[in-house]
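Report on the following structure.
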Amino acid sequence: MLWVALDLLFPRTHPGAVSAGLRRFATALAVLIFVMVLSGGLVAGIRAGLAYNTFPLMNGRLVPPEIFSLDPWYLNFFSNMATVQFDHRLIAWLLAFLVPWFWLRVRREAASSRARLGAHLLLAALALQIALGIATLLLAVPVPLAAAHQAGALLVFSAALFAAHSLR
């Protein structure tokens, strides 16, 4: 719905001057952020945030030993607190690297001012979201902070869609 609203607010007037690679990068980021939001839903759903309340390590380990303890193996991605939280953290680290890289690429290319605004919003929203996520984890998931973190996920995803839309 947001994409359609953006189409109505900002109709396409002329083809953009940005590379197809940058457009694909923006789309890939939006997809990855969507997967991250789904991953966060799993963390909240099985209350995985109540375990491993340390950062950046998970109770002193990079990879917790319980990560693939369920059988069959695929259940670990949905029901194992260690695996679910590890996956959520792994995607967060990946986004913490990719979003600033995307921001730099938008700044270096002949992107529109709206595309630059989208990149700025995405970078700022992700920084806020990471801070909220770490605080939520370290404070053992206080409900107001956890709710703010979930609302932040909507902002990050919306910013990613806005950035991708502005580069189309």
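The values are calculated or read from the model by the stated rules, or taken from the named source; none is laboratory data. Quick caveat, the model's predicted, so the values are computed rather than measured. Note that each Cβ is placed from the backbone with ideal geometry, even for glycine, and that neighbours are counted across all protein chains shown. Just so you know, the surface numbers come from the protein's heavy atoms only, side chains and all, with ligands and any DNA or RNA stripped out. Shrake-Rupley method; radii C 1.70, N 1.55, O 1.52, S 1.80 Å.
Some notes on this structure:
- For beta carbons closer than 8 Å, sequence separation of 6+ or different chains, a first residue in region 17-29 that is part of a helix (DSSP H, G or I) and a second that is of a type in the set (Lys, Arg), the qualifying pairs are Leu22/Arg105; Arg23/Arg168; Phe25/Arg105.
- Any hit, region 58-76, residues being of a type in the set (Gly, Ala, Ser) and either outside any helix (DSSP H, G or I) or in contact with a strand residue (DSSP E or B) (Cβ under 8 Å, 6 or more places away or on another chain) (or both): yes
- You will find that of Leu98, Leu117, the residue that is open to solvent by 50 Å² or more (accessible area, probe 1.4 Å), at pLDDT 95 or above and of a type in the set (A, V, I, L, M) is Leu117 and no other.
- Candidates Leu22, Leu29: the one that is out of contact with any strand residue (DSSP E or B) (no Cβ under 7 Å at 6 or more places or on another chain) and closer than 25 Å to Ile134 by Cα is Leu29.
- Set Leu138, Leu161, Leu62: member being in contact (Cβ under 8 Å) with a residue 60 or more places away in the chain, of a type outside the set (Lys, Arg), open to solvent by 30 Å² or more (accessible area, probe 1.4 Å) and within 22 Å of Ile46 (Cβ to Cβ): Leu138
- Criterion violated by Phe55 - all others in (1) part of a loop (DSSP other than H, G, I, E, B); (2) over 19 Å from the mean Cα position of the chain (by Cα) satisfied: (2)
- Any chance Arg108 is of a type in the set (D, E, K, R) and open to solvent by 50 Å² or more (accessible area, probe 1.4 Å): yes
- Selection over region 141-153 of residues that are in contact (Cβ under 8 Å) with a residue 24 or more places away in the chain and within 16 Å of Ile33 (Cβ to Cβ) gives a count of 4.
- Taken over region 70-87, the criterion of being out of contact with any Leu (no Cβ under 7 Å at 6 or more places or on another chain) and open to solvent by less than 80 Å² (accessible area, probe 1.4 Å) is satisfied by Leu70, Pro72, Leu75, Phe77, Met81, Ala82, Thr83, Gln85, Phe86, Asp87.
- Within region 13-45, considering residues that are among the β-branched types (Val, Ile, Thr) and in contact with a helix residue (DSSP H, G or I) (Cβ under 6 Å, 6 or more places away or on another chain), the one farthest from Ala140 (Cα to Cα): Thr27
- Region 20-59: number of residues that are open to solvent by 40 Å² or more (accessible area, probe 1.4 Å) and on the phi < 0 side of the Ramachandran plot: 21
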